[in-house]
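J.: Quick one: the structure is below, questions incoming.
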Amino acid sequence: MSRKNQTLGEFIIENQSSFKYTSGELSRLINSIRLAAKVVNHEVNKAGLVDIIGAAGDTNVQGEDQQKLDVYANTKFIQTMTKRNIVCGIASEEEDDFISINSQDENHQNKYVVLIDPLDGSSNIDVNVSVGTIFSIYRRVTPVGTPVTIDDFLQKGNQQVAAGYIIYGTSTMIVYTTGDGVNGFTLNPAIGTFYLSHPDMQFPKDGKIYSVNEGNYIHFPQGIKNYIKYCQMEEGDRPYTSRYIGSLVSDFHRNMIKGGIYMYPKSSKNSNGKLRLLYECNPMAFIAEQANGKASDGFNRIMDIEPTELHQRVPFICGSKNMVEKAEEFMRNA
Ligand code: P6P
């Protein structure tokens, strides 16, 4: 059950008993993410004022320039989750390999692993466009009391126990699911408290917005080209509107509220697309499905894909159920 204007803390306590693993650890983990979100939000909101923007002079495992805020956000989320003694391992877009977190009693008693994209869309920072954090939470699969292994991270998305995102936009929000629907909380920066502002978020079954980088059009598979042309045709409720912010969290969030589809397909330039399965596509797919939307690679349910490596990429089509199914139809018939 959810009540508007409840604080995130009150919501977590009230709904803890509905979570099948009621040990309270997951609640503490969500609380640690809440704290890190406030710290990162503070820095993101002043990025233009201090020397914290611009490349950190390094590149991440993706070969992308690391913006200083990327590094800052990565450090803050890892620090916060480590200090709370809740997780046994963390994987991050900004870290080449996973990090094994030993519990304070040194015997690896913690049960959760977290995969995170600490600051997605960071190339937008310097131009003052909204960015986001994406997180995915699993229970470990290797024995408690031993260090985590890669198997704890290479789990199918359908094994997630929680997933969410923080959007640092015109307001800062946390949107997350623990498998019992999707709820959005907006930060009141004056007092540093998140309030339940969007209870039980649902993707409209249909929408009129399509989000894709049409600059890559000539490189797309024919099925995607055909679907884009379908969106642009004068017929019925079309043409649709094209909206592409270049920040997954922002495009996803708008489409979940208004109805729409986001696509990052494979192309002749990116043979598996650009987005990473484990800490971008799976968490967003979990949220989408919990909000009665859909997420696929064009042919297969995202959350059924068997992961093979930590930073693997997959084509991603996500949003209003009927729109995703129409795009899949074009992919099948191409
Ligand atoms: P492109 C940001 O780098 C990101 O991972 C997503 O947030 C965003 O939707 C996409 O890549 C933008 O990529 O190639 O269109 O600039």
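J.: Among the lysines, which fall within straight-line cross-link reach of K326, defined as a Cα-Cα distance under 17 Å, with same-chain neighbours fewer than 8 residues apart omitted?
T.: K205, K208, K225, K229, K294
J.: Let me know the shape class of the stretch 279-334, please: from the alpha-carbon gyration tensor, a ≥ b ≥ c as square roots of the eigenvalues, rounded when a/c is under 1.5, otherwise prolate if a/b is greater than b/c, or oblate.
T.: oblate
J.: Still on this structure: Kindly rank 270-280, 111-121 from highest to lowest mean number of other beta carbons found within 10 Å of each residue. Before the final figure, lay out each step's value.
T.: On the way: 270-280: 21.1, 111-121: 25.8.
Final packing ranking: 111-121, 270-280.
J.: Once a ≥ b ≥ c are taken as the square roots of the eigenvalues of the Cα gyration tensor of the stretch 111-214, is the result rounded (a/c under 1.5), prolate (a/b larger than b/c) or oblate (a/b not larger than b/c)?
T.: Prolate, since a/c reaches 1.5 and a/b exceeds b/c.
J.: Taking the alpha-carbon set of the stretch 203-268, what are its Rg and Dmax in Å?
T.: 11.7, 32
J.: Treat each spin label as a single point 7 Å out from the Cα along the C-beta direction, and report the N107 to Q232 distance in nm.
T.: 6.4 nm
J.: How much FRET efficiency would the formula 1/(1 + (r/R0)^6) give for R28 and K269, where r is the Cβ-Cβ distance and R0 is 56 Å, rounded to 0.05?
T.: With a Förster radius of 56 Å, E is 0.85.
J.: Loop-only check: which GluC sites (Glu not before Pro) in the stretch 152-243 are DSSP coil with at most 13 other Cβ within 10 angstrom?
T.: Here the sparse-neighbourhood loop sites are E234.
J.: In the chain, if the dipole is taken from +1 on Lys/Arg beta carbons and -1 on Asp/Glu beta carbons about the Cα centre, which of Q222, Y210, S92 is farthest to the positive end?
T.: Projecting each Cα onto the dipole axis, the largest value belongs to Y210.
J.: Can you give the extra length, in nm with one decimal, that the chain gains between Y217 and N333 once fully stretched, where that is 0.36 nm per residue apart less the Cα-Cα distance?
T.: Net length gain for the segment: 39.9 nm.
J.: Heavy-atom accessible area of D126 with all protein chains present, probe 1.4 Å, nearest 10 Å²?
T.: Taking all protein chains as shown, D126 has close to 80 Å².
J.: About the Cα centre, and with charges only on the beta carbon of Lys, Arg (+1) and Asp, Glu (-1), how big is the dipole of the chain? Nearest 20 debye, please. Display every interim value, and only then the final one.
T.: On the way: 33 positive and 38 negative charges, 176 e Å.
It works out to roughly 840 debye.
J.: Roughly speaking, what is the stretch gain from S100 to D151, that is 0.36 nm per residue apart minus the C-alpha to C-alpha distance, in nm to one decimal?
T.: Gain on extension, S100 to D151, equals 17.1 nm.
J.: On the accessible surface of the chain, probed at 1.4 Å, how many percent belong to carbon and sulfur atoms? Show your work: numbers first, answer last.
T.: Details: 6470 of 13740 Å².
Carbon and sulfur together cover 47 percent of it.
J.: Classify the chain: rounded, prolate or oblate, from the alpha-carbon gyration tensor (a ≥ b ≥ c, eigenvalue square roots; a/c under 1.5 rounded; otherwise prolate if a/b is larger than b/c)?
T.: rounded
J.: Ordering S211, S100 by how much accessible area each has at a 1.4 Å probe, largest first, what is the list?
T.: Numbers: S211 0, S100 60 Å².
Per-residue accessible area, sorted high to low, gives S100, S211.
J.: Would you compute, for the Cα atoms of the stretch 209-333, the largest minus smallest coordinate along each principal axis and list the three values in descending order, in whole Å?
T.: Extents along the principal axes, in whole Å: 43, 32, 26.
J.: Which sequence of S17, S267 reflects their accessible areas, 1.4 Å probe, from the largest down?
T.: The most accessible residue leads, giving S17, S267.
J.: Hey, another quick one. Of the residues I191, I224, I305, which exhibits the maximal mean-square fluctuation in a Gaussian network model of the chain defined by a 10 Å Cα contact cut-off?
T.: Comparing I191, I224, I305 in a Gaussian network model of the chain, the most mobile one is I191.
J.: Which whole-number value in Å² is the accessible area per residue of the stretch 197-299, probe 1.4 Å?
T.: In whole numbers, the stretch 197-299 has 39 Å² accessible per residue.
J.: With angles folded into 0 to 90 degrees, how steeply does helix 25-44 sit against the dominant principal axis of the chain? Use alpha carbons for both and round to 10.
T.: Approximately 70 degrees, to the nearest ten.
J.: Just the accessible area for T308, please: 1.4 Å probe, Å², rounded to the nearest 10?
T.: Surface accessible to solvent at T308 totals approximately 100 Å².
The values are calculated or read from the model by the stated rules, or taken from the named source; none is laboratory data. Note that this is a predicted model, so its numbers are computed, not measured. Here the Cβ is made from the backbone with ideal geometry for all residues, glycine too, and neighbour counts use every protein chain on show. All accessible areas refer to the heavy atoms of the entire protein, side chains included, with ligands and DNA or RNA removed. Shrake-Rupley method; radii C 1.70, N 1.55, O 1.52, S 1.80 Å.
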